[in-house]
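Visitor: Would you mind keeping the following structure in view while I ask a few things?
The values are calculated or read from the model by the stated rules, or taken from the named source; none is laboratory data. The shown structure was predicted, so the numbers you read here are calculated from the model rather than taken from an experiment. No Cβ is skipped: glycine too gets one built from the backbone with ideal geometry, and neighbour counts run over all protein chains shown.
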Amino acid sequence: MKHSLILLSAAAFAAALLSGSADAQLNPQTVTLMRVDPQTLATGYRSSKMVGSSVSNENNETVGTVDDLIITAGGQAPYAILSVGGFLGLGTKYVALPFTALKIVDKRIVLPGGTKDALQSLPDFKYNTGG
């Protein structure tokens, strides 16, 4: 009995592997690969090092902090979520900027022309807590 149960389970598993889903048979999955130069990529900026970093303007005035980096579902260029204002997490406002608005200068994150007032005037960014 034990052997026949094992054989039956193995047969069912094999049949499932061979048949696949109807959708997979009609629409095979494809993946597009792109060659990346690892040495060039290694000179980039790690999100884990950027999150929590201060953002200053060209006058070296701190105007915010990188709270997060977000890549949209469509894969467009990333956005930087900055926390501005507030004290010890109270009254903090989050704003979204295209990552390309930030510049890396001498290992500092700079928002050219950025001021606390200008960032405070941007629309609030709210994280999607659903789903």
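Visitor: Would you call residue 82 within 20 Å of residue 121 (Cβ to Cβ) and not in a loop (DSSP other than H, G, I, E, B)?
Guide: Yes: the conditions hold for residue 82.
Visitor: Considering 76, 39, which residue is surrounded by fewer than 15 Cβ atoms within 10 Å (Cβ to Cβ) and not in a loop (DSSP other than H, G, I, E, B)?
Guide: Result: 39 is the single residue among 76, 39 that is surrounded by fewer than 15 Cβ atoms within 10 Å (Cβ to Cβ) and not in a loop (DSSP other than H, G, I, E, B).
Visitor: Take the residues in region 45-78 that are among the small types (Gly, Ala, Ser) and within 15 Å of the chain's Cα centre (by Cα); name whichever of them is nearest to residue 120 (Cα to Cα).
Guide: Of everything passing the filter in region 45-78, 52 is nearest to residue 120 (Cα to Cα).
Visitor: Looking at region 95-131 only, could you name the residues that are modelled with pLDDT of 95 or more and in contact with a Ser or Thr (Cβ under 8 Å, 6 or more places away or on another chain)?
Guide: Selection gives 109, 110, 111.
Visitor: Continuing with the same structure: Among the residues of region 91-104, how many are in contact (Cβ under 8 Å) with a residue 24 or more places away in the chain and either within 12 Å of residue 56 (Cβ to Cβ) or assigned to a helix (DSSP H, G or I) (or both)?
Guide: Final tally of qualifying residues: 3.
Visitor: Mind counting the residues in region 84-125 that are crowded, with 16+ Cβ neighbours inside 10 Å and among the charged types (D, E, K, R)?
Guide: Here the count works out to 1.
Visitor: Please go through region 44-79 and pick out each residue that is free of Cβ contacts under 8 Å to residues at least 24 places away in the same chain and among the aliphatic types (A, V, I, L, M).
Guide: Result: 51, 71, 73, 77.
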